[in-house]
Every structure is written in structure tokens, then in C-alpha cells.
Amino acid sequence: MSSSLPFTDNYRDLSNGDGYQFEFRCERCGNGYRSAFRRSMRKTGGALLRGVGGFLGGRGSSLAYQASNALDRGTNSTEKDAALRAAVTEISPMFTQCRGCGDWVCEQVCWNDQVGQCARCTPIQSEELAQLQAQARTTQLRDALRETSLIDGIDVAQQSIPRCPGCQSQTSGGKFCGNCGHALAAVRACGSCQAQNPPGAVFCSECGSCLL
């Protein structure tokens with residue numbers, strides 16, 4: 001009776017017609033490890049038989065072909081089981097099964113050796129602290145930025161005009177266009193009564209004073 005094999009849900013069969021290879025993946029981080037490629041003895045034996053048959057010719061060739069086919073039909077049976085068992089023996093030292101969640105996790109990244117559980121069930125203290133510190137810094141930066149004025153020297157009551165009405169060039173703010181000197185104010189305040197007038201007005205629409 002063949003013995004059972006672990007890693008039943010986190011490995012991938014990479015075997016081909018020439019031999020066997022398997023890839024095992026951590027069920028937490030996804031890091032993978034591949035076993036060494038093992039050439040199929042049945043495949044090698046079949047190739048040798050076909051070569052001998054070709055050398056003998058005639059009936060010898062026919063018998064060799066039949067024998068090689070018989071070997072090929074057995075490649076997915078005991079030989080493959082043995083190859084998988086050898087791969088498990090090779091790779092299993094890199095993995096540990098967590099008793100908390102049952103997942104197979106890699107020793108290098110996802111195993112918390114201090115408590116004997118995976119880092120998902122019991123996070124590694126130094127890594128968890130570093131993550132919380134990063135989150136706290138982000139929160140504190142947002143709070144500090146929210147309380148810091150970024151508009152000192154900017155008249156927020158003045159209508160912003162992204163393009164100069166004179167030359168249509170892109171502006172970066174201010175009272176006059178840096179390209180042609182045209183006034184960028186959307187309205188013009190009267191010096192006498194402080195009434196707001198549209199740009200280009202020569203006299204105040206409220207008191208009649210000259211705006212030039």
C-alpha cells in the first residue's frame with residue numbers, strides 16, 4: 001500500500017514526457033520552490049528499446065516498439081508517485097504547516113517561530129509594529145497638512161483665471177499675465193466706492209468714477 005503524501009493543495013505538476021518536476025507554493029505569500037527535475041527511467045528505457053529495435057530492424061523493431069509503448073503507459077503510475085514523494089522530501093524542510101489555520105507556509109517569510117504559528121494567525125511583532133508606525137505617520141502627515149496653510153499670499157476672494165483674456169496663454173495666478181501683462185482680475189474694484197466692475201470697464205457702473 002502506497003503511503004499518503006502531504007502538500008495536496010499547494011503544488012503544481014510541471015512534469016513532461018522526459019521526467020518529473022513539481023512546484024510547491026506558500027499558501028500565505030505565494031513564494032514558490034521547484035523540486036529538482038528527475039528524468040523518467042521508463043522514458044529513457046523506452047527510447048533505448050526503440051533505438052535497439054531500429055538497429056535490429058524487422059521483427060526486432062516491432063517487439064521493441066511494443067515494449068516501449070508498454071513502458072510509456074506506466075509513466076503516470078508508481079514512478080510518478082515515487083517522483084512526487086522524492087520532491088516532497090526535498091522541498092518539505094522549507095515549509096511548515098500552521099496548526100492555527102492549517103496552511104502550509106514558507107519558513108523564510110511567513111513562519112513566526114517565536115509562537116509556532118504562521119504570520120497570518122500571529123503576526124510577527126516587529127513587522128506588525130513597523131506597519132502600524134507607517135500607518136501612524138501617514139495619519140499624522142494628513143493631520144499636520146490639514147492644519148498648515150498652503151495659501152499664504154493668495155487672494156482667495158479674487159476669481160482665478162486659468163488663461164489670459166488677452167493672449168490666451170496659461171497663467172499661474174497673480175494680477176497680471178506674465179506673458180503679455182494683461183490684467184487677470186475677473187472684476188475691477190472702483191477706487192472711489194469699491195464697487196466691482198467687469199474687466200475692461202473704463203467708468204464705474206455704480207458711481208461713474210474713472211477706473212483708469
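Packing, as the average of other Cβ atoms within 10 Å across residues, places the peptides 201-211, 101-111 in the order 101-111, 201-211, highest first. Computed from the C-beta positions of residue 145 and residue 168, the FRET efficiency with R₀ = 35 Å rounds to 0.55.
Modelled spin-label separation between residue 176 and residue 39, with each label point placed 7 Å from Cα along the Cα-to-Cβ direction: 8.7 nm. Amide H contacts of residue 188 (H built 1.01 Å from N, in plane; Pro and chain starts excluded): 197 sit under 5 Å, all sequence-distant by 5 or more or on other chains. Modelled label positions at residue 29 and residue 16, each set 7 Å beyond Cα in the direction of Cβ, lie 3.0 nm from each other. Element breakdown for the stretch 107-212 at a 1.4 angstrom probe: carbon and sulfur atoms account for 52% of the accessible area. Between amide H atoms placed 1.01 Å from N, distances below 5 Å from residue 22 occur with 14, 35, all of them 5 or more places distant or on a separate chain. The slack in the chain from residue 134 to residue 85, taken as 0.36 nm per residue of separation less the alpha-carbon distance, amounts to 13.3 nm. Each peptide in 163-171, 113-121, 142-150 was scored by the mean count of other Cβ atoms within 10 Å over its residues; highest first, the order is 113-121, 163-171, 142-150. Couplings for the stretch 187-197, taken from phi via the Karplus curve 6.51 cos²θ - 1.76 cosθ + 1.60 with θ = phi - 60°, read 9, 10, 7, 6, x, 8, 10, 6, 5, 8, 10 Hz in order; Gly and Pro are left as x.
Of 91, 124, 151, the order by accessible heavy-atom surface (1.4 Å probe, DNA, RNA and ligands excluded), from most exposed downward, is 151, 124, 91. With a 1.4 Å probe rolled over the protein heavy atoms of all chains, the accessible area of 127, 23 falls in the order 127, 23, largest first.
The values are calculated or read from the model by the stated rules, or taken from the named source; none is laboratory data. Predicted model, so just to flag it, every value in this text is computed and none were measured. Methodologically, a virtual Cβ is constructed for each residue, glycine included, from the backbone with ideal geometry; neighbour enumeration extends over all protein chains shown. These area figures cover heavy atoms from the full protein model, side chains too; ligands, DNA and RNA do not enter into them. Shrake-Rupley method; radii C 1.70, N 1.55, O 1.52, S 1.80 Å.
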